[in-house]
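The values are calculated or read from the model by the stated rules, or taken from the named source; none is laboratory data. Remember, it's a predicted structure, so these values are computed and weren't measured experimentally. Positions of Cβ are generated from backbone atoms using ideal geometry, with glycine treated the same way; all protein chains shown enter the neighbour counts.
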Amino acid sequence: MKYGLRTKLSISYIFVALVCVALITLFSNALLEKQFKEYTIKNQDSKDKAIVSQITQQYMINEKWQSNVIESIGVNALESGMIVKVTDKSGSIVWDAMKYNNGYCEQMISHISRNMADRYPELKGGYVSVEFPVKNAFEEVGKVQISYYGPYFYNDNDLAFINTLNKLLLGAGILSMAFALITGIIMAKRLSLPISRVIRTAGMISKGYYSDRIAGTSNTKEIMQLTSTINDLADTLQNQEVLRKRLTADVAHELRTPLAALQGHLEAMIDGIWKADLERLKSCHDEVIRINRMVGDLERLARFEGENLNLDKSEFDITDRIRSIIKSSEIEFITKDITVDLYGEAQKINADSDKISQVIVNLLSNALKYTPAGGKTEVNVSGSEHNVDIVISDNGMGIPSEDLPYIFERFYRADKSRNRSTGGAGIGLTISKAIVDAHKGNISVKSELNKGTVFTVSLPRHMG
């Protein structure tokens with residue numbers, strides 16, 4: 001059987017309260033028993049000495065036993081659970097509580113024995129007698145025998161005190177349990193309500209309703225982290241859903257254009273509208289190459305994004321490699337009247353030369369496409385002890401701020417018009433990011449519309 005968080009928290013609070021009260025009761029009773037026992041034994045010894053002292057003083061008044069006063073002392077002692085017997089030096093009885101009121105003495109003995117046996121059955125006590133000499137001028141003139149339940153006993157007042165204390169502890173336990181129950185219910189409600197909201201929202205997200213969000217705040221750090229994580233997850237899934245739909249539309253668009261052109265050409269030739277001459281066949285061949293190139297880009301992207309991407313690492317000068325790439329594409333920049341400059345000293349790096357070169361080619365190609373005639377592109381290479389940074393900037397058309405978070409997504413293009421002269425297939429930046437990630441590096445972008453774009457690639461000098 002499964003229980004809810006509220007039930008479990010309430011039960012745990014009650015359990016903790018019961019354990020605490022039980023421990024306090026046990027330790028309190030154990031300590032009380034020990035201290036009270038020691039107190040009772042010491043108090044009994046003091047009472048014995050006090051009785052002997054009182055009886056001795058009565059004899060010293062005129063060196064005769066004052067029977068009436070001794071009787072009063074004995075009766076008071078009897079009421080406290082002690083049986084007093086006084087004899088003179090010849091052994092004759094001066095006063096004996098048993099003879100004075102034997103019935104009361106027997107009743108008292110039975111009462112105390114029964115109380116102690118019921119409460120402390122392991123004590124195995126019984127009545128003991130202690131004799132004390134009565135001296136006058138250093139001469140023993142008699143003896144006082146005091147009998148009581150030993151080794152110690154509690155009278156009715158003592159037992160009433162102990163019972164009252166236990167009742168107070170029991171009452172404290174009941175109040176603590178009630179307080180724990182109320183506190184547990186309140187705390188469980190405060191904790192379970194936001195979690196219930198998280199569960200409901202997560203359930204809606206699992207059904208595809210990504211717009212649902214968790215409202216409200218909590219002063220519990222973990223609850224806030226949980227709600228924030230679920231909301232972030234919903235945002236991510238919602239964005240991914242938009243991208244997925246856009247990806248489907250983009251892939252369909254990218255394939256539809258060359259396929260439609262190819263279909264039109266073939267149908268025209270089949271119907272005899274066009275002759276199947278070299279020019280027509282070459283046009284069809286160009287469309288096939290275009291489709292094949294797109295499929296190749298997708299295959300390459302899948303390979304680069306795979307976990308088992310093989311990197312053919314070697315040490316080379318990244319600055320020199322960039323210089324060679326710029327030189328090989330110099331004609332394209334000159335044709336479009338765009339200046340491209342390289343700044344930076346030699347920087348050695350241990351990486352896959354071909355794949356890093358592809359990243360640079362892709363970024364320079366983007367700068368070339370989106371920078372108007374008369375513009376400029378700069379490449380800055382710098383390094384630290386552990387990293388090499390490559391910054392490629394241009395003063396081209398820039399990227400809208402709402403498109404920046406998705407610029408590395410497959411087929412994503414900020415150019416909504418899909419102008420083929422600038423748009424491309426929208427995979428180059430995705431491939432670049434996959435290569436940089438495989439090298440445990442980082443690629444980022446900053447851009448302002450109509451002012452330009454800056455791509456920064458940070459690569460470790462030596463991969464672990």
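Observations
- Annotation note: of Val21, Val16, the sole residue that is under 29 Å from Leu165 (Cα atoms) and touching a Ser or Thr at 6+ places or on another chain (Cβ under 8 Å) is Val21.
- Candidate set from region 33-47 (those that are within 16 Å of Asn157 (Cβ to Cβ) and not basic (Lys, Arg)); member that is nearest to the chain's Cα centre (by Cα): Phe36
- The listed residue being closer than 27 Å to Ser28 by Cα and assigned to a strand (DSSP E or B), out of Tyr127, Tyr149: Tyr149
- Of all residues in region 193-221, those being under 23 Å from the mean Cα position of the chain (by Cα) and loosely packed, with under 11 Cβ neighbours inside 10 Å number 5.
- Odd one out for Val19, checked against (1) farther than 27 Å from Tyr152 by Cα; (2) in contact (Cβ under 8 Å) with a residue 60 or more places away in the chain; (3) assigned to a helix (DSSP H, G or I): (2)
- Any hit, region 61-72, residues being free of Cβ contacts under 8 Å to residues at least 24 places away in the same chain, within 27 Å of Leu123 (Cβ to Cβ), assigned by TED's automatic domain parsing to the domain that holds His111 and out of contact with any Pro (no Cβ under 8 Å at 6 or more places or on another chain): no
- One residue alone among Lys327, Lys336 is more than 23 Å from Ala351 (Cα to Cα), basic (Lys, Arg) and either in contact with a strand residue (DSSP E or B) (Cβ under 6 Å, 6 or more places away or on another chain) or at pLDDT 90 or above (or both), and that residue is Lys336.
- Selection of region 248-279 for residues being farther than 30 Å from Arg410 by Cβ and surrounded by 15 or more Cβ atoms within 10 Å (Cβ to Cβ) yields Met269, Trp274.
- Restricting attention to region 381-409, the residues that are aromatic (Phe, Trp, Tyr) and in contact with a helix residue (DSSP H, G or I) (Cβ under 6 Å, 6 or more places away or on another chain) total 1.
- Leading residue by the ranking (nearest to Arg114 (Cα to Cα)) among those in region 136-150 that are exposed (fewer than 14 other Cβ atoms within 10 Å of the Cβ) and in contact (Cβ under 8 Å) with a residue 40 or more places away in the chain: Glu140
- Selection within region 280-299 - more than 14 Å from His265 (Cβ to Cβ) and surrounded by 15 or more Cβ atoms within 10 Å (Cβ to Cβ): Met294, Asp297, Leu298
- The residue that is farthest from Ser67 (Cα to Cα), among those in region 85-142 that are of a type in the set (S, T, N, Q) and touching a helix residue (DSSP H, G or I) at 6+ places or on another chain (Cβ under 9 Å), is Asn115.
- Test: residue in region 77-94 that is surrounded by fewer than 13 Cβ atoms within 10 Å (Cβ to Cβ), in the same structural domain as Tyr149 (by TED's automatic domain parsing), of a type outside the set (S, T, N, Q) and part of a helix (DSSP H, G or I): yes
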